[in-house]
Structures are given as structure tokens and as C-alpha cells.
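Below is one structure, written out as C-alpha cells; the observations come after it.
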Ligand SMILES: [Zn+2]
């Protein structure tokens with residue numbers, strides 16, 4: 001019986017090769033937070049998520065020099081939904097939290113190497129502490145190199161609040177950002193990576209086309225594009241670690 005099932009599966013791959021390909025898409029989704037020089041007040045916890053401008057530029061130079069194609073999360077999601085195979089040298093660069101180092105430090109490097117990135121922002125924090133201002137977000141909305149995406153209003157761990165509260169955190173962030181940039185917002189990132197099946201269904205029903213988490217679990221183990229894993233970059237990484245991550 002088992003042999004019969006295996007034989008049927010192999011026959012299906014031969015007859016419908018695209019079906020098999022669609023299940024084994026591979027596009028690295030890289031997760032960045034701040035790109036800053038580490039200072040004495042940086043906590044060990046934060047340090048694990050940060051990367052220095054020097055190393056960041058080395059990584060972007062590597063992508064450019066080795067023929068990598070950076071694509072927006074929304075385009076990766078559209079390809080995954082359509083069952084299209086994403087080109088082997090594609091990579092998605094994502095940045096969480098909408099901190100002010102993005103327009104100041106990251107964007108000039110993206111422009112220098114003509115690379116694309118998706119940035120997940122929390123409109124509830126705009127202009128506060130180290131976050132971007134409303135004007136910064138509006139300006140990013142005009143950039144061909146940046147996809148502005150949602151990360152809830154107030155960076156809430158959605159698994160710790162009611163479903164009603166989760167819904168307004170997700171929906172309001174989408175509405176506010178769309179109003180600011182005058183473009184549809186279709187990509188979502190779960191703050192602190194907090195996700196579950198109910199939240200994934202909610203993200204989908206609110207008009208998003210993808211949801212990314214913070215864990216690095218294998219892509220093939222994720223049954224839905226609303227719980228997509230990402231590869232984490234922190235300053236403890238070196239360029240060699242980055243290259244290894246890219247190659248999977
Ligand atoms: Zn975040």
C-alpha cells in the first residue's frame with residue numbers, strides 16, 4: 001500500500017511538475033531591525049537584533065556584486081500564491097519597527113546599490129523616541145525601492161490580547177499607513193513574532209497577502225503564507241554568516 005502511494009506521488013510529480021515546484025519555493029526572507037553603531041547603553045538583548053552600518057553595507061554590496069535580486073514581500077507573496085517558482089537568486093529584505101535609522105542610514109545604501117526593501121511600521125509610535133515621523137513614512141511611500149507595510153498600531157504581542165483588540169491593532173495600522181502613503185498595504189509582520197492560526201486567518205481576511213514571523217523555522221514546514229519564517233540578522237553575525245544564510 002505504502003509503495004503504491006509513493007508510486008502515485010512520483011507519477012503526480014512527473015505529470016504535474018509545477019505542483020511539486022510550487023510546494024518547494026525558496027526565497028530567503030531576511031529580518032533586520034536597527035542599523036546602528038553599538039553604544040555602551042545598548043542592551044545585550046537589543047544587540048542581538050542590531051547590525052552596524054559597516055556590516056550592513058558589506059552585506060548589501062555582496063548582494064549587488066553576486067547578482068542577487070531583491071524583491072518586495074508583496075511580490076514574493078504574489079508569486080507564492082500563484083504557485084510560481086521564485087528565481088533562485090531572489091531575496092526579500094525586511095526591516096521591523098520603522099526606526100529613524102531607516103531613512104538616515106539604510107535608504108542611502110539601498111539607493112547606492114539599487115536594492116529593494118520592505119519596512120514594517122507601527123503608526124502608533126510615529127515620531128516618538130527613535131521612530132520615524134509621519135513625514136518620513138509619507139516620503140518612503142514615494143520611493144520605488146521601499147514597500148511600506150504594517151506591524152500593528154502599537155507593537156502589541158497579538159497572542160496576549162483579545163481577538164477584537166488584535167483585529168483593531170492590525171486593521172487600524174493598515175488603514176492609517178494606506179492613508180499616509182496613498183497605496184495599498186498588503187504585507188504584515190507579527191510583533192515579537194506572536195502568531196497562531198486564528199491570527200493568521202484574521203490577517204488574511206483583513207486583506208493582507210502575507211504575514212511574517214520572527215522564527216527561522218524551515219519554509220517548507222509552514223503550510224500558509226500568513227506564517228512565513230524569516231532569517232534573523234544581528235550584529236553577532238559576520239558577512240560569512242550572511243552568505244551562509246542566503247545559501248540556506
Ligand atoms: Zn517589531
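What follows is calculated from the coordinates using simple rules that are stated; it is not laboratory data. Since the model is a prediction, treat every value here as computed from it, not as a measurement. Every residue, glycine among them, receives a Cβ derived from its backbone with ideal geometry; neighbour counts consider all protein chains shown.
Only Cα sites of the range 94-233 enter the Debye sum here, all with the same form factor; the resulting log10 I(q)/I(0) across q = 0.10, 0.11, 0.13 1/Å is -0.31, -0.37, -0.52, listed in q order. Each residue, residue 163 and residue 142, gets one label point 7 Å from its Cα in the Cβ direction; the gap between the two is 4.3 nm.
R0 = 22 Å: FRET efficiency of residue 43 with residue 129, Cβ-based, nearest 0.05? FRET efficiency, residue 43 to residue 129: 0.90.
If you average over every viewing direction, what projected area does the convex hull of the Cα atoms of the range 130-197 give, in nm²?
Reported value for the Cα convex hull: 5.0 nm².
Fewest-first ordering of 151, 66 by other beta carbons within 10 Å of each residue's beta carbon gives 66, 151.
In the chain, helical runs assigned H by DSSP with n ≥ 4 each contribute -39500 (n - 2.57); averaged across all residues and rounded to the nearest 500, the mean residue ellipticity at 222 nm is -11500 deg cm²/dmol. Placing one equal scatterer on every Cα of the chain and applying the Debye formula, the log10 ratio I(q)/I(0) at q = 0.13, 0.15, 0.16, 0.18 Å⁻¹ is -0.80, -1.05, -1.19, -1.48.
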